[in-house]
Amino acid sequence: MIDSMRKIKQLFSNTSVDVYFDSTFNHLSKLVDKKNAVIITDENIFSLHGSKFRNWNVITLKPGEAFKIQLTADAIIEQLIGFEADRSTTLIGVGGGVVTDLTGYVASIYMRGIRFGFVPTSLLAMVDASIGGKNGVDVGAYKNLVGSIRQPSFLLYDYSFLKTLPNIEWSNGFAEIIKHACILDHSSFKLLINNNLQSIKKDKKILTSIIEKNVVLKSSVVKKDEFEKGDRKLLNFGHTLGHALETQYELTHGQAVALGMVFAAGLSEQILGLKKSVEIIQVLSQYTLPTIASFDAERVFNILTMDKKRVSDKMNFVLLKKIGKGVVHPIKLDTLHKYVSAYSHLNKASK
Ligand code: GLY
């Protein structure tokens, strides 16, 4: 068998992350000592790929965002004590964003911090959730309210996990891929608009090149501003309204972010004169993401103003100067309120 694995190193402020592209799960045993490692995964991954975990210490979580809470972190810590995990133990999150966020969080606080790495299994985790070092848990309606920023030691990409990925998870991942293209890279946007979900799913070469490009794109933003004082905020494009919608309605993360991006693209058109914002709607549709929804503007606005991006009476909103160039733009809360209200009515009218 030809070994196609490629290793790159990403350097952050006080650490480096080894990234293994096109690797296999079995390669993990070369990166860590099985006896001194604990894998954290969820029931879905375990039932689909259980044989891979033979002879590993495994903690299996209930799947879903509803379990990304402190209670789950406490339960993991109890089990780590049961495994006699100590400062030399490595935690490995094998799963999607909920698993990687919880693994990074627990690894940051257990014994004041132990080594950890990720094997992202969903497209969303491969291109976004496993990169950047932000981890944490939700508290009530507030997503990621508690957590820390700490980089994993390694990321291992085994693309065979994508074979069992449900359709909805594909579009979730593409929401973040489209986001990266909108804020950072016009050529990626062109590639996406000239293809669609089905064509890319069938073409491993193009798919893996998109994944690897997105790892580099996201890492480049994080490296410049790991602790989110400035440019890292760009990665929140579509997420401010998106998070508020996600907590109030039955939407996946990708669906909520897609609606948030449509809103932010509209704002960009009105405030910054963005041209061709309709192409953003077009590309989202090509990746089976929603572009219209009706919602309760007051309810959503109240949640939105609790967002961590709020600074007194303004909200730092990510807008687009053009496709491929995001900017952080402060918007007064009363102005934002009008826009949110107009957007929710607009969507009601166009249903
Ligand atoms: N863990 C995702 C991020 O740091 O952005």
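Every read-out reported here was derived from the displayed coordinates using simple, explicitly stated rules and does not represent laboratory data. None of the values given here were measured: they were computed from a predicted structure. Every residue, glycine among them, receives a Cβ derived from its backbone with ideal geometry; neighbour counts consider all protein chains shown.
Looking at the stretch 65-148, the GluC sites (Glu not before Pro) that sit in a DSSP loop and have at most 12 other Cβ atoms within 10 Å of their own Cβ are 84.
With the convex hull drawn over the C-alpha atoms of the stretch 184-247, the volume per residue is 118 Å³.
In the chain, the C-alpha radius of gyration followed by the widest Cα-Cα span (Dmax) gives 19.9, 61 angstrom.
In square nanometres, what is the average projected area of the Cα convex hull of the stretch 1-102?
On the way: hull surface 31.4 nm².
Dividing the Cα hull surface by four gives the mean projection, 7.9 nm².
Proximity of backbone amide H atoms, modeled 1.01 Å from N, is registered between residue 116 and 91, 153 at under 5 Å, excluding neighbours fewer than 5 places apart on the same chain.
Taken one residue at a time, the phi angles of the stretch 315-332 give Karplus couplings (6.51, -1.76, 1.60, θ = phi - 60°) of 10, 7, 9, 8, 10, 10, 6, 8, 5, x, 9, x, 9, 8, 9, x, 10, 5 Hz. Gly and Pro are set to x.
The spread of Cα positions in the stretch 292-344, taken along each principal axis and listed from longest to shortest, comes to 31, 29, 17 Å.
If you wrap the Cα atoms of the stretch 155-292 in a convex hull and average its projected area over all directions, you get 8.9 nm². Of the residues 98, 257, 340, the one that moves most in a GNM of the chain with alpha-carbon contacts below 10 Å is 340. Of the beta bridges in the chain, as assigned by DSSP with both residues counted there, near 50 percent are antiparallel.
Within the chain, which is the longest segment containing none of the chymotrypsin sites (Phe, Trp or Tyr not before Pro) that sit in a DSSP loop and have at most 16 other Cβ atoms within 10 Å? Answer from the scan: 84-226. Each Lys and Arg contributes +1 and each Asp and Glu -1, all at the Cβ; summed about the Cα centre of the stretch 1-112, the dipole is approximately 340 debye.
Structure note, pairs 229/314; 179/321; 35/68: Cα-Cα distances above 19 angstrom occur for 35/68. 3J(HN,Hα) along the stretch 31-42: 8, 9, 7, 3, 6, 10, 9, 10, 8, 10, 9, 10 Hz, from the Karplus curve 6.51 cos²θ - 1.76 cosθ + 1.60 with θ = phi - 60°, whole Hz, x for Gly and Pro.
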